[in-house]
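Please treat every number below as a calculation from the coordinates, not as lab data. Quantities reported herein were computed from a predicted structural model and do not represent experimental measurements. Cβ coordinates were reconstructed from backbone atoms using ideal geometry, including for glycine residues, and neighbour counts include every protein chain displayed.
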Amino acid sequence: MRYNVPMKIKTTPSVVIRVLLWIFILAGGVYFGFYFDFIYFKKIVINPIFHLFTFLIGAFLMKLSFHAAKVGGRELKKYGREGDIPRLETNKLVTSGIFSCFRHPMLFGLSFIPLALALMVGSPTFILFISPLEMVFILIMVLIFEEMECYKKFGKDYDLYKKNTPIFSKDIKCYKKLFFD
C-alpha cells in the first residue's frame with residue numbers, strides 16, 4: 001500500500017527570500033500595470049487583438065526564459081553538486097558548457113520573465129515601464145548578490161572564472177545554446 005507523504009524541500013533562507021522577492025515584484029508589476037492602464041491606456045486594455053498579439057509573444061518569451069533556466073539548471077545539477085546539499089544550491093564551480101559563455105545563464109534567462117508576464121497579461125504600463133525596471137533590478141541583484149555569494153563560496157577560483165567569462169556573452173552561438181538547445 002502506498003501513502004502520499006508530503007515531499008519536504010530542503011533549501012536555504014537565501015533562496016526562499018529570492019523566490020518571495022520575485023513573486024512580490026511580479027505581482028506588483030501586474031497590479032500597478034493594470035491600475036495605471038485603466039487611467040492612461042483604457043482603449044488598448046479593452047482591445048482583444050492587442051491582448052492576443054502580446055499574449056503570444058509573451059508566452060514565447062516565457063518559454064525561452066524557462067528553457068534557459070532548464071539548460072543552466074541541468075548543468076548545475078550534473079556538475080555543481082556534490083553530496084547532500086540543499087535544493088537549488090551548488091558546492092562546485094561549474095565553468096563548462098553554457099557556463100563557459102555566461103557567468104549566470106539561468107538568471108540571465110529568467111530576467112526576461114517580467115517582460116514575458118507583462119506581455120502575457122497585456123498591460124501597456126507593465127510592458128513599457130514596470131517590466132524594464134524589474135529586469136534591470138533583477139540584473140543588478142545578480143551582479144551584486146550572486147557575484148558576492150559565488151566569490152564567497154569559491155574564492156580565487158571564481159575570481160579567475162570571472163576574468164575569463166563575461167556576465168553577458170558576445171557570441172550568438174551562446175544565446176542559441178541558452179535559449180534553443
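Compute the helix-to-body angle for 48-79: its Cα long axis versus the longest principal axis of the chain, expressed 0 to 90° and rounded to tens.
Approximately 10 degrees, to the nearest 10.
Please determine, in degrees from 0 to 90 and to the nearest 10, the orientation of helix 13-40 with respect to the longest principal axis defined by the Cα atoms of the chain, where the helix direction is its Cα long axis.
10 degrees
So what is the 222 nm mean residue ellipticity for the chain from helices alone, if each DSSP H run of at least 4 adds -39500 (n - 2.57) and you divide by all residues, rounding to the nearest 500 deg cm²/dmol?
My calculation for the chain gives -20500 deg cm²/dmol from helical runs alone.
I'm spelling it out carefully: the read-out is Rg/Rh (Cα atoms, Kirkwood Rh), the candidates are (i) 0.99; (ii) 1.12; (iii) 1.04, and one was derived from this structure. Which label?
Computing Rg/Rh (Cα atoms, Kirkwood Rh) and matching it to (i) 0.99; (ii) 1.12; (iii) 1.04 gives (iii).
Highest mean first, what order results for 151-164, 52-65 on Cβ atoms within 10 Å?
In descending order of packing, they fall as 52-65, 151-164.
Label Lys173 and Tyr40 with points 7 Å out from Cα along Cα→Cβ: what is the distance between them in nm?
4.4 nm
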